[in-house]
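The values are calculated or read from the model by the stated rules, or taken from the named source; none is laboratory data. Remember, predicted model here, so these are calculated numbers, not experimental data. Backbone-built Cβ (ideal geometry, glycine too); neighbour counts: all protein chains shown.
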Amino acid sequence: MNGLGSNKIFFYSLLSVAIISAIASCNSAPTAEWDKLNQELISKHNLKVRNLSGLPTNDIESNLKDGQVSNLSQLDSVELFPGVKARMFWGTGTMVSVLELAPNAQIPEAELQAERFAFVLAGSIQQMANGKALSLISKEREAPDGTHSGTPRVDFVYLEKGSKSAVTAGSSGAKLLEIYSPFRLDYLQKAGLSKLPSAMKSPAKTAKPNVEPNKVYDLYEFQLTELAEGANSRLISGEHTQLSFISMDPGSIFKHHIHPEEQMMMVLRGECDEILLDTEQKMVPGSMVVIPGNMVHGAKMSDLGCDALDIFWPVREDYMEKEKARMAAYRAIIPENAKPELLVDGTKTQPNLTFSEGPKWMNGKIYFSNMFFDQNWTANPAKSSTVELSSDGTYKNISQGKMQTNGLYPYKNGNLLVCDMIGHQVLEMTPAGKVVKVIVNQYEGKPIDGPNDIVTDAKGGFYFTDPQFTMEPQKSQPGRAVYYVSPEGKVTRLTKPNEFAMPNGIVLSPDGKTLYINNCYDDESWFPVNSEKDNYIWAYDVKEDGTISNGRQFAKLFLTGNVLDRKGKSSSADGMAIDKKGNLYVATYYGVQIFNAQGAYVGMINLPSFPVSLCFGDKDMKTLYIVSYSKVYKIRTNMEGFVNYL
């Protein structure tokens with residue numbers, strides 16, 4: 001790949017993040033060659049035309065042909081300054097420049113005649129904004145292994161018209177995405193355009209930006225807003241232009257539609273067939289197109305899905321309303337300005353932490369497992385421990401070198417239920433680390449394999465998952481499964497072997513009537529089981545005897561770009577927590593994904609590394625503690641967490 005499409009940063013993630021987009025001017029008069037056909041299609045698909053007033057026109061013709069897909073690699077590379085090369089395209093009201101900066105290359109200070117967004121796609125820059133030095137970086141997503149992981153980061157800054165701006169690339173250089181509205185005329189002059197106006201006009205009506213000027217943001221801190229079924233976007237708006245970093249699900253279809261705003265679209269990851277008038281044109285990373293206002297268009301996603309940058313001119317008010325609704329739902333749970341706070345860095349404190357798991361709050365402390373893995377996920381109980389953590393960040397081992405515990409849950413007599421994963425058993429342990437007894441280690445006369453996560457019911461029974469994530473190549477049970485242990489000790493297998501490719505996190509609703517199970521891995525060439533559970537949390541009705549029925553999809557988990565690229569369904573869903581209102585919090589490869597009691601997506605907590613598990617704690621039970629490999633984070637919420645204390 002080349003151009004922007006090669007930058008996997010964005011939208012491994014996003015990141016992942018993306019769809020189908022484009023800049024469009026609703027004021028630019030449609031050309032005769034497509035206007036008649038467009039009118040026929042508007043009538044055929046029963047579409048409603050809207051027009052916008054007060055948009056300026058200019059005599060600078062776009063270097064993209066209306067409704068015709070081209071690729072960034074086909075554009076000339078222009079040297080703007082020594083060591084700074086750019087490929088540029090523009091519509092009527094917005095221009096885009098993708099810059100390659102050599103190490104320490106500079107863009108001299110200039111007073112901006114347009115509002116500007118700048119995103120660091122690779123490397124780092126030093127941005128001077130009205131004399132203020134800002135550091136911006138970009139990081140790619142790291143594939144998780146047994147010792148570490150890293151989530152992506154894409155820093156950006158918004159500068160208002162009239163700001164003074166200068167840029168210096170870092171020692172490794174940088175790749176920069178700039179969006180200007182209106183155009184930056186000195187860039188166009190260097191691209192060889194002549195007869196340029198002395199200044200460009202902006203629309204009379206301005207929108208209220210959803211970002212502050214001269215402030216560094218990480219794109220992944222912005223919530224995904226559902227624009228249509230199967231299409232979710234991170235929306236960033238200035239006064240005149242709007243950026244939609246949209247992700248569209250594999251196989252999703254977006255019917256013929258129109259809108260009065262001009263749209264420019266650039267594909268960042270994946271593929272789609274873009275419907276433009278009566279044609280379908282393939283778009284791949286680096287593809288771009290300009291869609292004038294009210295041009296009929298749609299899209300069909302490939303089995304990879306598609307992440308794209310859509311740029312709208314002027315700002316789409318309907319999208320801003322959708323974003324406000326998303327943020328209101330999210331802020332009802334996560335307060336304004338609440339961010340994850342690093343409580344423990346287990347690489348710098350003793351005892352060291354490697355892979356933290358299974359946290360639960362009990363008697364004013366958090367108990368969790370410090371599992372040891374090497375990079376290849378080889379376990380070592382001799383190097384593992386079970387930890388007691390205070391809310392001030394101090395902690396100690398209560399058991400070490402004896403077993404490799406995983407999920408924990410409060411049990412009777414103030415003790416803990418403990419999944420000794422590598423030991424193939426579920427134990428009762430005191431808060432001091434003393435094993436009281438083995439509660440279950442067999443099913444139908446054969447050892448259980450690797451108990452992973454666990455939750456009790458109000459009667460004193462408990463559920464646990466066994467994804468067989470153990471070191472022995474030969475397993476004792478016929479497949480991965482979920483079990484129930486009654487208060488009397490009777491063990492029942494609730495799911496068929498390998499019904500889930502990898503059952504992992506498990507939790508009960510506060511009323512005990514619904515059991516939730518997530519599926520960690522699925523549809524992977526390197527994983528031995530595929531299932532029909534995919535990237536969903538599944539809900540089950542709980543019967544009086546503790547068994548379950550009526551299994552159904554409850555919530556669909558977002559997948560990262562690298563998983564979509566290999567056509568997998570692995571969310572890496574692990575630990576889950578629930579609050580008293582039934583909101584569900586799921587630790588995934590993407591971040592902590594939050595769903596309401598009806599299974600609707602609410603928002604995501606972004607972390608510097610892949611979150612593994614989480615629990616509510618503190619006296620008011622409103623702090624969410626999140627473990628991530630060697631790190632422990634906490635974030636305040638507006639909700640009171642639920643834990644079943646027997």
Open item on the list: Within segment 416-431, does at least one residue satisfy the condition of being surrounded by fewer than 17 Cβ atoms within 10 Å (Cβ to Cβ) and among the hydroxyl-bearing types (Ser, Thr, Tyr)?
Closed with: yes
- [ ] Go over the candidates 550, 535 one by one and state the one that is free of Cβ contacts under 8 Å to residues at least 60 places away in the same chain and farther than 20 Å from residue 610 by Cα.
- [x] 550
Open item on the list: Condition (residue is of a type in the set (Lys, Arg) and in contact with a Ser or Thr (Cβ under 6 Å, 6 or more places away or on another chain)) applied to segment 601-622: is it met by at least one residue?
Closed with: yes
Open item on the list: Going by what's in this entry, would residue 287 be described as closer than 16 Å to residue 230 by Cα and hydroxyl-bearing (Ser, Thr, Tyr)?
Closed with: no
Open item on the list: Test of understanding: among 559, 607, 624, which residue is assigned by TED's automatic domain parsing to the domain that holds residue 412, in a strand (DSSP E or B) and of a type in the set (A, V, I, L, M)?
Closed with: 624
Open item on the list: For a quick check of your reading of the model, give me the residue pairs whose first member lies in segment 554-581 and is over 22 Å from residue 627 (Cβ atoms), whose second is of a type in the set (A, V, I, L, M), with beta-carbon atoms closer than 6 Å and at least 6 apart or on different chains.
Closed with: 554/537; 554/539; 564/304
Open item on the list: Restricting to segment 61-85, count the residues that are in contact with a Leu (Cβ under 7 Å, 6 or more places away or on another chain) and in a loop (DSSP other than H, G, I, E, B).
Closed with: 2
Open item on the list: Take residue 308 and tell me if it is surrounded by 20 or more Cβ atoms within 10 Å (Cβ to Cβ) and not polar (S, T, N, Q).
Closed with: yes
Task: Pair list, Cβ < 7 Å and 6+ apart or interchain, from segment 219-239 residues that are in contact (Cβ under 8 Å) with a residue 60 or more places away in the chain and on the phi > 0 side of the Ramachandran plot to residues that are crowded, with 23+ Cβ neighbours inside 10 Å and of a type outside the set (Gly, Ala, Ser) - done: 230/248
Task: Subset of segment 259-294 (residues that are surrounded by fewer than 24 Cβ atoms within 10 Å (Cβ to Cβ), more than 22 Å from residue 119 (Cβ to Cβ) and out of contact with any Lys or Arg (no Cβ under 8 Å at 6 or more places or on another chain)) - done: 276, 277, 278, 279, 281, 282
Task: Filter result (outside any helix (DSSP H, G or I) and in contact with a strand residue (DSSP E or B) (Cβ under 9 Å, 6 or more places away or on another chain)) within segment 41-60 - done: 45, 47, 55, 60
- [ ] State all residues of segment 181-229 that are of a type in the set (Lys, Arg) and farther than 30 Å from residue 333 by Cα; if no residue qualifies, say none.
- [x] 184, 190, 195, 201, 205
TODO: Using the structure shown, decide if residue 123 is at positive phi and within 29 Å of the chain's Cα centre (by Cα).
DONE: yes
Task: From the options 213, 203, residue that is in contact with a His (Cβ under 9 Å, 6 or more places away or on another chain) and assigned to a loop (DSSP other than H, G, I, E, B) - done: 203
Open item on the list: If I ask for residues that are within 28 Å of residue 141 (Cβ to Cβ) and either surrounded by 24 or more Cβ atoms within 10 Å (Cβ to Cβ) or not assigned by TED's automatic domain parsing to the domain that holds residue 161 (or both), which ones from segment 99-116 would you list?
Closed with: 99, 101
Task: Per-region count, segment 562-591, residues part of a loop (DSSP other than H, G, I, E, B), touching a Gly at 6+ places or on another chain (Cβ under 7 Å) and within 17 Å of residue 643 (Cα to Cα) - done: 1
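Residues are listed down the side, and each one gets a yes or a no for (1) surrounded by 23 or more Cβ atoms within 10 Å (Cβ to Cβ); (2) at pLDDT below 95; (3) within 18 Å of the chain's Cα centre (by Cα); (4) not basic (Lys, Arg):
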{"position": "564", "(1), (2), (3), (4)": "yes, no, yes, yes"}
{"position": "568", "(1), (2), (3), (4)": "no, no, yes, yes"}
{"position": "577", "(1), (2), (3), (4)": "yes, no, no, yes"}
{"position": "582", "(1), (2), (3), (4)": "no, no, no, yes"}
{"position": "592", "(1), (2), (3), (4)": "yes, no, yes, yes"}
{"position": "598", "(1), (2), (3), (4)": "no, no, no, yes"}
{"position": "605", "(1), (2), (3), (4)": "yes, no, yes, yes"}
{"position": "613", "(1), (2), (3), (4)": "yes, no, yes, yes"}
{"position": "624", "(1), (2), (3), (4)": "yes, no, no, yes"}
Open item on the list: Among the residues that make up segment 359-366, is at least one of them of a type in the set (Gly, Ala, Ser) and either outside the structural domain of residue 624 (by TED's automatic domain parsing) or over 31 Å from the mean Cα position of the chain (by Cα) (or both)?
Closed with: yes
Task: Restricting segment 425-458 to residues that are closer than 16 Å to residue 367 by Cα and among the acidic types (Asp, Glu), the residue that is nearest to the chain's Cα centre (by Cα) - done: 453
TODO: Output the residue which, of all residues in segment 128-148 that are in a strand (DSSP E or B) and touching a residue at least 60 places away in the same chain (Cβ under 8 Å), is nearest to residue 377 (Cα to Cα).
DONE: 139
TODO: Tell me, yes or no, whether segment 332-347 has at least one residue that is hydroxyl-bearing (Ser, Thr, Tyr) and surrounded by 24 or more Cβ atoms within 10 Å (Cβ to Cβ).
DONE: no
Open item on the list: Condition check: surrounded by fewer than 20 Cβ atoms within 10 Å (Cβ to Cβ), modelled with pLDDT of 95 or more, of a type in the set (Ser, Thr, Tyr) and farther than 15 Å from residue 119 by Cβ. Does residue 187 satisfy that?
Closed with: yes
- [ ] Inspect segment 388-401 for any residue being surrounded by fewer than 23 Cβ atoms within 10 Å (Cβ to Cβ), more than 24 Å from residue 612 (Cα to Cα) and assigned by TED's automatic domain parsing to the domain that holds residue 363 and give the result as yes or no.
- [x] no
TODO: State all residues of segment 335-387 that are of a type in the set (Phe, Trp, Tyr) and either outside any strand (DSSP E or B) or more than 17 Å from residue 405 (Cα to Cα) (or both); if no residue qualifies, say none.
DONE: 372, 377
TODO: Looking only at segment 411-470, count how many residues are touching a residue at least 24 places away in the same chain (Cβ under 8 Å), in a loop (DSSP other than H, G, I, E, B) and of a type in the set (Val, Ile, Thr).
DONE: 3
- [ ] Can you tell me which residue within segment 391-409, out of those that are outside any strand (DSSP E or B) and either of a type in the set (Asp, Glu) or touching a Gly at 6+ places or on another chain (Cβ under 8 Å) (or both), is farthest from residue 463 (Cα to Cα)?
- [x] 392
Task: Residues that are part of a loop (DSSP other than H, G, I, E, B) and either crowded, with 22+ Cβ neighbours inside 10 Å or not assigned by TED's automatic domain parsing to the domain that holds residue 588 (or both), drawn from segment 523-553 - done: 533, 535
Open item on the list: For residue 477, only one of the following conditions fails: (1) assigned to a strand (DSSP E or B); (2) farther than 25 Å from residue 351 by Cα. What is its number?
Closed with: (1)
